[in-house]
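Trainee: Below is the structure I would like to discuss, written out as structure tokens.
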Amino acid sequence: MVKANDNYLKLPGSYLFSTIGKKVREYSEAHPEAKIIRLGIGDVTQPLAPAIIDALHKAVDEMGVRETFKGYAPDLGYEFLRNTIAENDYRSRGCDISADEIFVSDGAKSDCANIQEIFSLDNKIAVCDPVYPVYVDSNVMAGRCGDYDAASGVWSNVIYMPCTAENGFAPEFPGETPDLIYLCFPNNPTGSAITKPQLQEWVDYANKVGAIILYDAAYEAYISEENIPHSIFECEGARTCAIEFRSFSKNAGFTGVRLGFTVIPKELKAGDVQLHPLWARRHGTKYNGAPYIIQRAGEAVYSEEGRKQLKAQVAYYMDNARYIYNGLKEAGYTVSGGVNAPYIWLKAPNNMTSWEFFDHLLEKVNVVGTPGSGFGPSGETYFRLTAFGTKEATVEAVDRIKKM
Ligand code: MLT
């Protein structure tokens, strides 16, 4: 008899943002008059920049002409985009990454979720706690996480690295040695960042214990302070211990367009096995490449006009971040993040749990955020607000919370 993958049955509830979406829909149906402001999922609200729209239009026109029409994209990405990325995101920062170490995809979420496929099920993962749920959920689906304890919110075969106010929301080296270490900086959900010397310590640690760091740098465009690394490949020795994920969703508003990439250095190995060809094999077999028109749009992100326009877009969201941070602080909340990342992390007041505060905000002021416990046990009693709303909605939401 056919059997389902029962690892899926171990997953508690639905994906965090689907659960929130459902709760908000139900509330909205019961209270059609409520003017709900959504600062939950980190979805962008500003339209695509003109330089990107121009590139899209041009590429669409090319697709309508026999001589310039394109069929299947090369499965690892078009050379024009991979060369542009290698030059602008890496070589210009002194990182030794070549175009053929870049794998273009439909976004960082799918790459973060799929990368575990090229590793043995025997590997043990370490994650920050709280953490972007995709890292853990995708390993649960593969059967790598053991069993879930609903009372503690902990998986039996996962190493948790608590990120708390006490350690500045930066993980410490775990007591038990992991094989795969997921790090995301600037961090989702806490909005914290680590300095280059701190990241260098992780690279040294991974090289020493023979672990691989899976580094999610989706929010690097929001870094405003010096000495915060934009890429793990700024660190000495990262080529032998790191894979990096990048996204066009947050720096260029591509959440609905879909484009990202993963960097795997040629010398990166698991034991004796080179990982670059394994990911290339996976890409070739399971993926037909991001669409030509989208890759041309990605290339425009790096044009002079594109850069200027996107710098302004990032600044727009970071103005929101400042407004939320300052407003909540004035109102007496304990707040962090929002300086190098578009997320504000706040402590729920009056000993409320994360979900109690979620309901409280939704019911009292019709503002939606993300409960910290959805990101892991150490997120309990915390709450995340995103700076990706419109300026008007952000101001209104903060003013409503302040009056609460
Ligand atoms: C988030 O809200 O954490 C992100 O938008 C989720 C994502 O990028 O997939």
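Trainee: Do we have LYS109 as free of Cβ contacts under 8 Å to residues at least 12 places away in the same chain, out of contact with any Gly (no Cβ under 6 Å at 6 or more places or on another chain) and either in the same structural domain as LEU268 (by TED's automatic domain parsing) or not in a strand (DSSP E or B) (or both) here?
Mentor: Taking the combined requirement at face value, the residue does not satisfy it.
Trainee: May I ask you to list pairs of residues, at least six apart or on different chains, whose Cβ atoms are under 9 Å apart, with the first in region 40-54 being without any contact (Cβ under 8 Å) to a residue 40 or more places away in the chain and the second being part of a loop (DSSP other than H, G, I, E, B) and more than 16 Å from the ligand (Cβ to nearest atom)?
Mentor: ILE53/PRO47
Residue by residue, here is whether (1) part of a loop (DSSP other than H, G, I, E, B); (2) crowded, with 18+ Cβ neighbours inside 10 Å holds:
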{"position": "ILE294", "(1), (2)": "no, yes"}
{"position": "LEU310", "(1), (2)": "no, yes"}
{"position": "ASP319", "(1), (2)": "no, no"}
{"position": "GLY327", "(1), (2)": "no, yes"}
{"position": "ASN350", "(1), (2)": "yes, no"}
{"position": "PHE357", "(1), (2)": "no, yes"}
{"position": "LEU362", "(1), (2)": "no, yes"}
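Trainee: OK, next. So if I check each of GLY271, GLY253, which one is surrounded by fewer than 20 Cβ atoms within 10 Å (Cβ to Cβ), at positive phi and not assigned by TED's automatic domain parsing to the domain that holds LEU310?
Mentor: Only one candidate passes the filter, namely GLY271.
Trainee: Okay, moving on. Taking into account only those residues within region 88-99 that are in contact (Cβ under 8 Å) with a residue 60 or more places away in the chain and part of a helix (DSSP H, G or I), which is most open to solvent (accessible area, probe 1.4 Å)?
Mentor: Among residues in region 88-99 that are in contact (Cβ under 8 Å) with a residue 60 or more places away in the chain and part of a helix (DSSP H, G or I), the one most open to solvent (accessible area, probe 1.4 Å) is ARG93.
Trainee: Restricting the search to region 249-285, which residues are assigned to a loop (DSSP other than H, G, I, E, B) and away from the ligand (no atom under 16 Å from the Cβ)?
Mentor: Result: ILE264, PRO265, LYS266, GLU267, LEU268, GLY271, ASP272, LEU275.
Trainee: Then there is this: What single numbered condition from (1) open to solvent by less than 60 Å² (accessible area, probe 1.4 Å); (2) on the phi > 0 side of the Ramachandran plot; (3) away from the ligand (no atom under 16 Å from the Cβ) fails to hold for GLY107?
Mentor: (3)
Trainee: Of all residues in region 19-39, how many are within 16 Å of the ligand (Cβ to nearest atom), open to solvent by 60 Å² or more (accessible area, probe 1.4 Å) and free of Cβ contacts under 8 Å to residues at least 40 places away in the same chain?
Mentor: 1
Trainee: Can you give me the number of residues within region 164-189 that are out of contact with any Gly (no Cβ under 9 Å at 6 or more places or on another chain) and within 15 Å of the ligand (Cβ to nearest atom)?
Mentor: Qualifying residue count for the region: 3.
The values are calculated or read from the model by the stated rules, or taken from the named source; none is laboratory data. As the structure is a prediction and not an experimental result, all values here were calculated from the model. Here Cβ is always computed from backbone atoms with ideal geometry, including for glycine, and neighbour counts include all displayed protein chains. Heavy atoms of the whole protein, side chains included, go into the accessibility calculation; ligands, DNA and RNA do not. Shrake-Rupley method; radii C 1.70, N 1.55, O 1.52, S 1.80 Å.
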